[in-house]
Amino acid sequence: MVKGESEAALLDDLIVSIGRRLLHYFGSKSEDLSLKEIFVIEHLSRQGTASMSELAAGLGVPFTTMASMVNRMVNKGYLEKQPLPEDRRVMTISLTPAGRNIFDLHRQGLVAVVKEMLATLEDADQNRLMALINEVLQVLPDKA
């Protein structure tokens, strides 16, 4: 448990450092996609399909920003839009085969990096780290 301000500041530094390294990893792996576009692909890989509103809410961006982003990704061949049969004004967004492929490539690369980092720890420490991260995630709100 974090006991005081200095421990909380240290934890904050660690979280920011991990975040920065992950951003660098994602940014260096994709000249064709922005980080938010990668998160759109990640979201759709888990959900299958989503409306523009669901994507915007999941990434915490305005609807108009998401609409522009989705249109760019459709033009790049990563996403496709289909009207909802019961309300043709609502578009459902899904991954194309190229979108699924880019997701698989990013996921494989990230898993390899994490595996390499975890290899520096003993099995018991790996398990303890995973359990602690899971505990922290339990108290953080998930807006996706």
Compare the Cα positions of 106, 44, 71 along the charge dipole of the chain (+1 at Cβ of Lys, Arg; -1 at Cβ of Asp, Glu; about the Cα centre) and return the one farthest towards the positive end.
-> 71
Could you list the square roots of 5 times each eigenvalue of the Cα gyration tensor of the range 52-144, that is, the equivalent ellipsoid semi-axes, sorted largest first and rounded to whole Å?
-> 35, 19, 10
Hey, quick one: spin label on residue 22, modelled 7 Å out along Cα-Cβ, who in the range 30-58 has an amide N within reach, i.e. under 14 Å?
-> 35-36, 38-40, 42-43
Hey, can you grab everything whose amide H is under 5 Å from the amide H of residue 79? Only 5+ residues off in sequence or another chain; H modelled, so Pro and N-termini drop out.
-> 74, 96
Sorted from fewest to most neighbouring beta carbons within 10 Å, what does the list 34, 6 look like?
-> 6, 34
Assigning unit charges at the beta carbon (Lys, Arg +1; Asp, Glu -1) and nothing else, what dipole magnitude in debye, to the nearest 20, does the range 5-139 show about its Cα centre?
-> 740 debye
Between residue 15 and residue 67, what is the FRET efficiency for a Förster distance of 22 Å, r being their Cβ-Cβ separation, to the nearest 0.05?
-> 0.10
Relative contact order of the range 5-139, pairs being alpha-carbon contacts under 8 Å that are 6 or more residues apart, as % = 19 percent
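Coordinate-derived values only; no laboratory data. Predicted model, so just to flag it, every value in this text is computed and none were measured. Reconstructed Cβ throughout: ideal geometry from the backbone, glycine too, with neighbour counts over all protein chains shown.
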